[in-house]
1. Do you know which residues across the stretch 142-158 are surrounded by 14 or more Cβ atoms within 10 Å (Cβ to Cβ) and in a loop (DSSP other than H, G, I, E, B)?
2. Across the stretch 1-36, what is the total count of residues that are part of a helix (DSSP H, G or I) and basic (Lys, Arg)?
3. Collect the residues in the stretch 28-73 that are within 18 Å of LYS141 (Cα to Cα), of a type in the set (Asp, Glu) and touching a Leu at 6+ places or on another chain (Cβ under 8 Å), keeping them in residue-number order.
4. Taking into account only those residues within the stretch 168-209 that are of a type in the set (Lys, Arg) and more than 14 Å from the ligand (Cβ to nearest atom), which is least open to solvent (accessible area, probe 1.4 Å)?
5. Test of understanding: among LYS108, LYS90, which residue is on the phi > 0 side of the Ramachandran plot, open to solvent by 50 Å² or more (accessible area, probe 1.4 Å) and not polar (S, T, N, Q)?
6. Could you give me the residue pairs with C-beta distances under 7 Å whose first residue belongs to the stretch 264-277 and is under 19 Å from LYS291 (Cα atoms), whose second residue is of a type in the set (D, E, K, R) and modelled with pLDDT of 95 or more wherever it lies, and which are 6+ apart or on separate chains?
7. For the condition closer than 26 Å to TYR53 by Cα, within 15 Å of the ligand (Cβ to nearest atom) and not assigned by TED's automatic domain parsing to the domain that holds LEU36, what is the one hit in PHE285, PHE278?
Amino acid sequence: MKIAVVGAGIFGISAAVKLAQNSHRVDLFEKEDGILKAASGINQFRLHRGFHYPRSSETTGDSIRTEKSFRLEYGQAVIDDGEQYYGIAKEGSLISADTYLDFCQKFKLGHEHIKPAFLNHSQIDLCLRAKEGRIDHAKLKKICLSRIKKLRVNLRLETKATPGLLKNYDLAVLCAYANLNSLLLHVPDQQKKYQFELCEKPVVKLPRQFTGKSLVMMDGPFMCLDPLGGTDKFLLGNVVHAIHQSNIGLHPEVDDKFLPILNKGIIKNPPITNFKKFIESGVQFIPELAKAEHIGSMFTIRTVLPHKEETDERPTIVSRINDKTITVFSGKFSNCVEAAEKVLEMVKEV
Ligand SMILES: Cc1cc2nc3c(=O)[nH]c(=O)nc-3n(C[C@H](O)[C@H](O)[C@H](O)COP(=O)(O)OP(=O)(O)OC[C@H]3O[C@@H](n4cnc5c(N)ncnc54)[C@H](O)[C@@H]3O)c2cc1C
C-alpha cells in the first residue's frame, strides 16, 4: 500500500518504520525542518516505569508493560545510570506517603528509602530512590534517522500535510499530536477536544554535586529535575509555572509572541520566561537550586485528554477513523512501539 504518515515525532517515526518493515511504501511528512522537533524533542525525557502516576493504574500499567518494547527498539538511546528520587511533599500533595508506598508495593515498583543531602527534608514526608531510564534525544534522533534511511521511508521535511494532499494515498496515519484535528477537518464528527498546554522547559547548569540526579516532587503543583540526555545540563519541570497558556478545544491557542520560539530547540535569553518562578518554587525542596544558571528555555505544546485532573492519566489511543485514516494520539514515549504495532494490525484489516 502507499501510505502517508503525518508527523515525524517518535510516534510517527515508529509507525512509518513498522509499516516500511512490512513492505508498505511510506511517505513521512513533517512540517518542521527536522525530526523529533516538537513534543518528542522538548519534554522531560523520562522513560516512565510508573512511579509518576500513582493516581492512574492504567497509565502505570501502560508504562510497565510498554517499557520492554521501547527498549527493544530504542534501547541504545536509554541512559540507565544516575540517581532517581521521588519525594512526597509534606504539604499540598494529593496523595499521602502511606498511599504512595502502598501503590509502589501494588505495582512491585522497587525502591529504597533514603534521605539525600541535597533535599530540604523539613518539606518532604518521604523520599524514595527508584530506578528509571531517561532518553538521550541526540542518540534517539540518530537511531531514527538511520532506520528511516535503511527502510527507505521517504522523509518529506518542511512539508505540511493537508487533507487534500492525503487523498493521493491509499491510507493516512495521523501522528500529529497537537495538530491532529487540523487533519480531520473533512470528518468533523471525528475531531475530539483536547487540553493544550504551551509549556516552557528551562535548561540549566547546576553545581557538580547534582551530576546524574533526578527528582520528582509528588503529587501536585510541584517541581522536577532531570539531567538532559548525556550532557552536563539539566531540565527543570514545574506543574504550574511551566504552563504559559492553556485551552480546551479542537486546536491549541497560541499567542503570536510564542510563534517564533515554539518547537525551535533551546532559546537563549528567551523573550518570555518563568525561570525565576521555577527557581522560587523549587528552592523549598532543593535549596541549592538558587545557584542554577539559566542556559535557555525550550517551548512546545503538551496535549492531554481534558478533565483528567483527578487521575492525571495519559493514555495512548490508536483509532481507525475510516478505511483511509488511522489516528494515533500519544500518551507517554514508551507506548510508541506498541502503538506502531496496533497501526500495522489495523492496516492489515483495511
Ligand atoms: C513538557 C512535556 C514533558 C513531557 N515529559 C515526558 C516524559 O518525561 N516522558 C514521556 O514518556 N513523555 C513525556 N511527554 C509526552 C511525550 O513527549 C509525548 O507524548 C510524545 O513525545 C508525543 O510524540 P508524538 O510523535 O505523538 O508528537 P510530536 O513529537 O509532537 O510529533 C508530532 C509531529 O507532527 C508534526 N505535524 C503536525 N501537523 C503536521 C502536518 N499537518 N504536516 C506535517 N507535520 C505535522 C509536528 O511538527 C510534530 O513534529 C512530555 C510532553 C511534554 C510536552
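1. Result: LEU151, VAL153, LEU157.
2. Of the residues in the stretch 1-36, 1 are part of a helix (DSSP H, G or I) and basic (Lys, Arg).
3. GLU30, GLU32, ASP33
4. LYS205
5. LYS108
6. Once the first residue is under 19 Å from LYS291 (Cα atoms) and sits in the stretch 264-277, its partners that are of a type in the set (D, E, K, R) and modelled with pLDDT of 95 or more give THR273/GLU200; ASN274/GLU200.
7. That would be PHE278, the only listed residue that is closer than 26 Å to TYR53 by Cα, within 15 Å of the ligand (Cβ to nearest atom) and not assigned by TED's automatic domain parsing to the domain that holds LEU36.
Residues checked against (1) more than 24 Å from the chain's Cα centre (by Cα); (2) β-branched (Val, Ile, Thr):
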residue: ILE248; (1), (2): no, yes
residue: LEU259; (1), (2): no, no
residue: LEU262; (1), (2): no, no
residue: GLU288; (1), (2): yes, no
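The values are calculated or read from the model by the stated rules, or taken from the named source; none is laboratory data. All of these numbers come straight from a predicted model, not from anything done at the bench. We place every Cβ from the backbone using ideal geometry, glycine too, and count neighbours over all the protein chains shown. We work out accessible area using only protein heavy atoms, side chains counted, and drop any ligands, DNA or RNA first. Shrake-Rupley method; radii C 1.70, N 1.55, O 1.52, S 1.80 Å.
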